[in-house]
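Asks: First the structure, then my questions, so here it is.
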Amino acid sequence: MVKFRHFAATAAGLTGFVSVGAVAHRSLAADFVVGDDAPPAISGPPPLEKEAFESRWEVIVGGGASFEPAYEGGKKMKISPIPIVSIGYADWLQLDPGGLGVTLYKDGGFNVDARLGYEPGRSEGDGDLLKGLGDVDFGVTAGIKAGYEWDAFEFYGIIDKTIGGSKGLVGKIGTSYGWHMGEKLIVATSLEATIADKNYMDSYFSVDAAQSAASGLPQYKAKAGLQRVDFDISATYAFDENWLLQAGAGVGLLVGDAANSPIVERELQPKVSLSLGYRF
């Protein structure tokens, strides 16, 4: 019998659908079993501390690809490779392509996590409408997540501050649900709303006078507020105690001042991905 403690969190790293995997429940992931039911306990000496320590680590490596808009609001789709290195320890540490998460507090269903990640930025070469707007630089994000798990549901809120890049402050509120379909398959869904501050909206959706002159787009001032709503779904299948496959799909809807920006070609933002990982 093999348990994948960080299976759901790793699924997030496999596809980039952090909102699905990260909220697909630590409890669900911890209970995901490949193989038959556990055999009866056998009496004997307790395990060595070193063995107990090592058994709480989980490392998964692999790769895949995603198919999504070239930039937020764009219509042109692009294929991007997804390198995967996921490292988890017990229920309190997770490092994957989405960043680093550390559980600061956990009591019953309530948990508080510190987060460290990144904002990839944007190149003016990502779309025709972006030419003349300049690039949005890469930034590091630091934040906190508070969540409550009830049965197979999780309700959560996230606040992330970007250092560099847009210098934005972004908040997310959402809910997720994950369930087993047999002993080898986990399905997870999430619904999430994103709220962004003035800095983020200015960086990605506003057009100032200089940018207007360079690009030919009309001037536009995007205000802080609700920026988008996302629905994601993923299915993660364990072939055996080592190999796992995840397929994911999602759709985001730009709303408010983000949707009305002259750089937006399409408000509906679809995405799909497929990844394969190996657990050591």
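The values are calculated or read from the model by the stated rules, or taken from the named source; none is laboratory data. Nothing here was measured: the structure is a model prediction, and the numbers come from that model. In this analysis, Cβ positions are derived from the backbone assuming ideal geometry, glycine residues included, and neighbour counts consider all displayed protein chains.
Asks: If I ask for residues that are under 30 Å from Ser215 (Cα atoms) and of a type in the set (A, V, I, L, M, F, W, C), which ones from the range 135-181 would you list?
Replies: Of everything in the range 135-181, those that are under 30 Å from Ser215 (Cα atoms) and of a type in the set (A, V, I, L, M, F, W, C) turn out to be Val136, Phe138, Val140, Ile163, Leu169, Val170.
Asks: Evaluate the following for Val170: is it farther than 22 Å from Ala188 by Cα, surrounded by 16 or more Cβ atoms within 10 Å (Cβ to Cβ) and among the β-branched types (Val, Ile, Thr)?
Replies: Details: farther than 22 Å from Ala188 by Cα: yes; surrounded by 16 or more Cβ atoms within 10 Å (Cβ to Cβ): yes; among the β-branched types (Val, Ile, Thr): yes.
Here the answer is yes, as Val170 does meet what is asked.
Asks: Hey, could you check the range 173-215 for residues that are surrounded by fewer than 19 Cβ atoms within 10 Å (Cβ to Cβ) and of a type in the set (Gly, Ala, Ser) and say which is modelled with the lowest pLDDT?
Replies: The residue in question is Gly182.
Asks: Further question: Quickly run through the range 235-279 and pick out the residues that are of a type in the set (Ser, Thr, Tyr) and outside any strand (DSSP E or B). Explain how you work it out, then say what you get.
Replies: Quick first cut of the range 235-279, residues of a type in the set (Ser, Thr, Tyr) only: 236-237, 261, 273, 275, 278.
The answer is Ser261, and nothing else.
Asks: If you go through the range 154-167 one residue at a time, how many are surrounded by fewer than 16 Cβ atoms within 10 Å (Cβ to Cβ) and acidic (Asp, Glu)?
Replies: Total satisfying the criteria: 0.
Asks: Let me ask something additional. Could you list, in sequence order, the residues of the range 86-98 that are surrounded by fewer than 20 Cβ atoms within 10 Å (Cβ to Cβ) and either without any contact (Cβ under 8 Å) to a residue 60 or more places away in the chain or hydroxyl-bearing (Ser, Thr, Tyr) (or both)?
Replies: In the first step, residues of the range 86-98 are kept if they are surrounded by fewer than 20 Cβ atoms within 10 Å (Cβ to Cβ); the result is 87, 89-93, 95, 97.
Selection gives Ile87, Tyr89, Trp92, Leu93, Leu95.
Asks: Name the residue that is farthest from the chain's Cα centre (by Cα), counting only residues in the range 216-234 that are part of a loop (DSSP other than H, G, I, E, B) and either on the phi > 0 side of the Ramachandran plot or crowded, with 16+ Cβ neighbours inside 10 Å (or both).
Replies: At the first step, the residues of the range 216-234 found to be part of a loop (DSSP other than H, G, I, E, B) are 216-219, 221-224.
Subset that is either on the phi > 0 side of the Ramachandran plot or crowded, with 16+ Cβ neighbours inside 10 Å (or both): 216-217, 222, 224.
Numbers: Gly216: 35, Leu217: 32, Ala222: 25, Ala224: 22 Å.
Top of the filtered list is Gly216.
Asks: Shifting gears a bit: Here is a list: Gly248, Gly256. Which entry is at positive phi, surrounded by 15 or more Cβ atoms within 10 Å (Cβ to Cβ), touching a residue at least 24 places away in the same chain (Cβ under 8 Å) and small (Gly, Ala, Ser)? It would help to see each step written out before you state the result.
Replies: Numbers: Gly248 fails: at positive phi.
Unique residue meeting the criteria: Gly256.
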